[in-house]
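Q: Input: one structure, supplied below.
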Amino acid sequence: MVELIVGRKGKGKTKVLLDKVNGAIRNVNGSIVYLDKSTKHMYELNNRVRLIDVSVYPIKNADEFVGFVCGIISQDHDLEQIYLDSFLTTAKLEGLDITSTLEQLKAVGEKFGVTFIISMSLDKEEVPATFQDSIITAL
């Protein structure tokens, strides 16, 4: 499953994402991973959440990003949720069509029982029509 938190830069998407991940830690039996473009929010996350700074890995495009995510899933069979902050930046999708990447993540999530909660700097109207129902917060 893919859930989206959308809105322009500076609207508060990261705060919503952090509140959601810290609230979810009480209700999951497995593990949670938080992918971000830096370690800036390390001290705002519950210590049971694994923070991964994607910027330190040599990811060049969206396909490599999906492979990176699959590698994370393959190493943790108890993984229940992956939170993706600054999705367009970390997935190398700025200015590109996001539909294929979201479809890949949705398929991977369904196959392995992982929910993706994604924060991205797009207005609700800019999200592909096939993912309009996945928007949980629009700022």
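The values are calculated or read from the model by the stated rules, or taken from the named source; none is laboratory data. Note that the structure is predicted; figures quoted are calculated from it, not measured. Cβ atoms come from the backbone with ideal geometry, glycine included; neighbour counts cover every protein chain shown. In case anyone asks, the SASA skips ligands and DNA or RNA and just uses the protein heavy atoms, side chains included. Shrake-Rupley method; radii C 1.70, N 1.55, O 1.52, S 1.80 Å.
Q: Quick one: how many Å² of VAL66 are accessible to a 1.4 Å probe, rounded to 10?
A: Ignoring ligands and nucleic acids, VAL66 comes out at about 10 Å².
Q: Could you provide, to the nearest whole Å², the per residue accessible area of segment 37-139 with probe 1.4 Å?
A: Solvent-accessible surface per residue comes out at 56 Å².
Q: Taking a cut-off of 17 Å between Cα atoms, list the lysines near LYS37, but don't count ones fewer than 8 places away on the same chain.
A: Straight-line reach from LYS37, under 17 Å: LYS9, LYS13, LYS15, LYS60, LYS92.
Q: Roughly speaking, what is the stretch gain from GLU64 to TYR43, that is 0.36 nm per residue apart minus the C-alpha to C-alpha distance, in nm to one decimal?
A: Going from the current span to full extension adds 4.8 nm.
Q: Residue separation times 0.36 nm, minus the C-alpha to C-alpha distance between THR99 and ARG8: what's the value?
A: Result: 30.9 nm gained on full extension.
Q: Can you work out the Karplus-derived ³J(HN,Hα) for every residue in segment 2-7? Use 6.51 cos²θ - 1.76 cosθ + 1.60 with θ = phi - 60°, whole Hz, and x for glycine or proline.
A: 10, 10, 10, 10, 10, x
Q: Among (i) 2, 10, 22, 25, 24, 14, 4, 0; (ii) 2, 11, 21, 24, 20, 13, 6, 2, 0; (iii) 2, 9, 18, 20, 19, 15, 10, 5, 2, 0, which one is P(r) over Cα pairs in 5 Å bins from 0, in percent computed from these coordinates?
A: Of the labelled values, this structure produces (i).
Q: Can you list the HN-Hα couplings for segment 115-131, worked out from phi with the Karplus curve (6.51, -1.76, 1.60; θ = phi - 60°), rounded to whole Hz and with x for Gly and Pro?
A: 9, 9, 10, 10, 9, 9, 7, 9, 6, 3, 5, 8, 6, x, 4, 5, 10
Q: Could you please state how large a percent of the accessible area of segment 2-92 is carbon and sulfur, counting protein chains only and using a 1.4 Å probe?
A: Ligands and nucleic acids excluded, carbon and sulfur give 47 percent.
Q: So, one more: Non-local amide H neighbours of LEU79 (under 5 Å, H modeled in plane, Pro and chain starts lacking H): which ones?
A: Those lying under 5 Å, H to H, from LEU79 are SER31.
Q: Going by average Cβ neighbours within 10 Å, how do the peptides 118-127, 77-86, 8-17 rank, with the highest at the top?
A: The packing order, highest mean first, is 77-86, 118-127, 8-17.
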